[in-house]
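As structure tokens, the structure follows; a few thoughts come after it.
The values are calculated or read from the model by the stated rules, or taken from the named source; none is laboratory data. As the structure is a prediction and not an experimental result, all values here were calculated from the model. Here the Cβ positions follow ideal geometry from the backbone for every residue, glycine too, while neighbour counts run over all protein chains shown.
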Amino acid sequence: MKRRQLLKSGILAGAGWTILRSGMLRGADAPSNKLNIAMFGTWGRADAHFGVMGRENIVALCDINEEHLAPAAKRYPNAKTYADWRKCLEQKDINAVVICTTDHTHAFIANWALNRGMHVYCEKPLGNSVEEARVVRANYLKRKDKLATQLGTQRHEIENFARVKELVRDGAIGELKAAYAWGDRQIRRAGYLPAEGEPPKHINYDLWIGPSPMHPYNSKYFSGGPGMNCLSWNMFWDFGSGQVGDMGSHTMDLAWNALDAELPTSAEAEGEKFNPEVSPVELHTSWDIPANDWRPAIRLHWYQGGMMPEPPPGGIDLRRIDHGAMFKGSLGYIVAGFDSRVIIPYGRGANMTYYQPRAKEKLIPPMGGFQNEWLNACKGSLKTTCNFDYGGKMTEVMLLGLVAYRVFPEFLPNEVQEATPAKDAKQKKQQGTPIYRANKKLEYDPAAGKVTNCDQANPLLKRKYREGWTLDG
Ligand SMILES: NC(=O)c1ccc[n+]([C@@H]2O[C@H](COP(=O)([O-])OP(=O)(O)OC[C@H]3O[C@@H](n4cnc5c(N)ncnc54)[C@H](O)[C@@H]3O)[C@@H](O)[C@H]2O)c1
């Protein structure tokens, strides 16, 4: 077997072989035991990866913006450069890819890379539709004994994630009843940006639009700082899923991690008035999550843009936590931010005698670095915490919530009503943005990936692509 095949198969590092000839291996850091990585997106979020991924061989760099590609090419002079990710994936020596492009290209690049036998690290969210999340997950599951994947929810390495999971799992709040996650960011846009003439020469705008329907060029899609430019485009339906796919991926992860959950059997939503061009600021989505072997069926909720869950009794102000999660149990609540947590015993019998903290040696071990975990997995262990099974299901749940939000106003307006109609102008001002709620919840068949009680919802599980672009190529 050639070195590339060995790396791909995981045999090399897993078996700890030493190959004593030119191109030989001598331990994990030997030059010949390095992965050959292609970076998709070479600026912005990619900067957060060059440090760790750059210890491997960066053999290919792909960016639609020449001004972003050039500095990376200078840093890695041996890497080949590309504008079109499809061309880049033809390069034969690549065995792992890191995807830091726009959300509407994630599932495409991930599928194509998995189909070509490459390990994949993909920035969140995993896709921009339920179908995209499902196809990437399926492609990973077919190859999980050969390929390593990691969804870029790197906050997962914060030990608080593990401590929250242990508290829930070990019964610190009794039997789990419900879980909530929220994020308070508010970026309002009216619609796609107006045409602003020809794109500059250094931006390949056609490739930036990629599989999405064409929208005219506007420099404001490219006006954000490094690592923040996603906030210039991710609220537009054809480019992203707004707040829920963005910070929601991190915050839902705090809740999802503790649930050992499978896909939901329903989805429901309420939020601001539907805009066919822009995803909502105010949104509350919720799902029925089936029971598993340690807890009953529960309800999972996501809130954003100022909508918030009911706080636990006792005056805790959840609004002080900009991105957080809460777990409601039969004997209390856990409230958590990314870095900290608090237990609130509540009700008769909530005396904590039922809860035994874990012995130190039984604690969930630290990840040892989020990107490192993936690199080690590519080299043999194949074990990643946020692989595309875990992250794919979480992404599917979040995006199914958006389908529940948009289907009724878009196709069945009679099913929608204002949640709290104001009596007069004064009350309207006090209430802020009006919230609309559907009378119906979507019933979901998680095995088939289909809505079973509303035909109009099924087309919204997918996106329409421009001619010439194939999701699963
Ligand atoms: N995990 C995190 O904490 C975190 C933080 C920020 C952003 N992100 C994610 O990273 C991704 C990129 O975000 P960003 O703010 O860096 O965005 P960005 O708009 O700055 O894009 C990053 C780079 O990708 C390039 N690019 C865009 N589309 C491309 C394509 N089709 N092919 C090749 N290159 C392309 C851009 O030119 C740019 O250089 C997003 O999906 C975002 O959700 C994650």
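Quick notes on this one:
- Residue ID - farthest from S330 (Cα to Cα), chosen from residues in the range 283-304 that are assigned to a strand (DSSP E or B) and over 19 Å from the mean Cα position of the chain (by Cα): D288
- For the range 81-103, residues that are within 11 Å of the ligand (Cβ to nearest atom), under 19 Å from K34 (Cβ atoms) and of a type in the set (K, R) total 0.
- Condition met for P280 (part of a loop (DSSP other than H, G, I, E, B), buried (at least 16 other Cβ atoms within 10 Å of the Cβ), at negative phi and near the ligand (Cβ under 10 Å from one of its atoms)): no
- The sole residue among G432, G449 that is at pLDDT 95 or above, on the phi > 0 side of the Ramachandran plot and not hydroxyl-bearing (S, T, Y) is G449.
- Subset of the range 37-51 that is part of a helix (DSSP H, G or I) and away from the ligand (no atom under 11 Å from the Cβ) - its residue that is surrounded by the most Cβ atoms within 10 Å (Cβ to Cβ): F50
- Lone unmet requirement of (1) on the phi < 0 side of the Ramachandran plot; (2) touching a residue at least 60 places away in the same chain (Cβ under 8 Å) for G369: (1)
- L263 more than 16 Å from the ligand (Cβ to nearest atom) and either at positive phi or under 16 Å from the mean Cα position of the chain (by Cα) (or both): yes
- Test result for D288, among the charged types (D, E, K, R) and closer than 27 Å to E443 by Cβ: yes
- Enumeration of residues in the range 237-247 that are within 11 Å of the ligand (Cβ to nearest atom) and in a loop (DSSP other than H, G, I, E, B): F239, G240, S241, D246
- The range 68-86, subset of a type in the set (G, A, S) and assigned to a loop (DSSP other than H, G, I, E, B), residue farthest from I109 (Cα to Cα): A79
- Residues of the range 437-473 that turn out to be touching a Leu at 6+ places or on another chain (Cβ under 8 Å), crowded, with 19+ Cβ neighbours inside 10 Å and of a type in the set (K, R), as a count: 0
- For the range 172-191, a residue qualifies if it is out of contact with any helix residue (DSSP H, G or I) (no Cβ under 9 Å at 6 or more places or on another chain) and under 30 Å from Y217 (Cβ atoms), and the qualifying residues are R188, R189, A190, G191.
- Some residue of the range 220-236 being more than 10 Å from the ligand (Cβ to nearest atom) and crowded, with 20+ Cβ neighbours inside 10 Å: yes
- Restricted to the range 104-134, and to residues there that are more than 15 Å from the ligand (Cβ to nearest atom) and not in a strand (DSSP E or B), the residue that is farthest from Y390 (Cα to Cα) is R116.
- Condition broken by T149, with the remaining ones in (1) without any contact (Cβ under 8 Å) to a residue 24 or more places away in the chain; (2) under 15 Å from the mean Cα position of the chain (by Cα) satisfied: (1)
- Top-ranked residue of the range 52-81 - restricted to ones that are crowded, with 20+ Cβ neighbours inside 10 Å and small (G, A, S), ranked as farthest from Y205 (Cα to Cα): A79
- Among the residues of the range 187-224, those identified as free of Cβ contacts under 8 Å to residues at least 60 places away in the same chain and of a type in the set (A, V, I, L, M) are L193, A195.
- Residue match in the range 72-80 (condition: within 11 Å of the ligand (Cβ to nearest atom) and either in contact (Cβ under 8 Å) with a residue 12 or more places away in the chain or not small (G, A, S) (or both)): yes
- Filter result for the condition that a residue is assigned to a loop (DSSP other than H, G, I, E, B) and within 16 Å of the ligand (Cβ to nearest atom), over H250, H215: H215
- Comparison of D145, D184 shows that the only residue that is among the acidic types (D, E), more than 16 Å from the ligand (Cβ to nearest atom) and surrounded by fewer than 18 Cβ atoms within 10 Å (Cβ to Cβ) is D145.
- Residue that is within 30 Å of R86 (Cβ to Cβ) and of a type in the set (G, A, S), where the choices are S219, S266, S286: S219
- Residues in the range 189-203 that are surrounded by 12 or more Cβ atoms within 10 Å (Cβ to Cβ), assigned to a loop (DSSP other than H, G, I, E, B) and not basic (K, R) were compared, and the one that is nearest to the ligand (Cβ to nearest atom) is H202.
- D246 vs. criteria farther than 22 Å from N292 by Cα, touching a residue at least 40 places away in the same chain (Cβ under 8 Å), acidic (D, E) and surrounded by fewer than 23 Cβ atoms within 10 Å (Cβ to Cβ): no
- For the residues S330, S340, the requirement of being hydroxyl-bearing (S, T, Y) and within 19 Å of G248 (Cα to Cα) singles out S340.
- For first residues located in the range 443-457 and outside any strand (DSSP E or B), partners that are at pLDDT below 95 and lie 6+ apart or on another chain with Cβ distances below 8 Å form the pairs N453/K440; C454/L412; C454/K440; Q456/E410; Q456/F411; Q456/L412.
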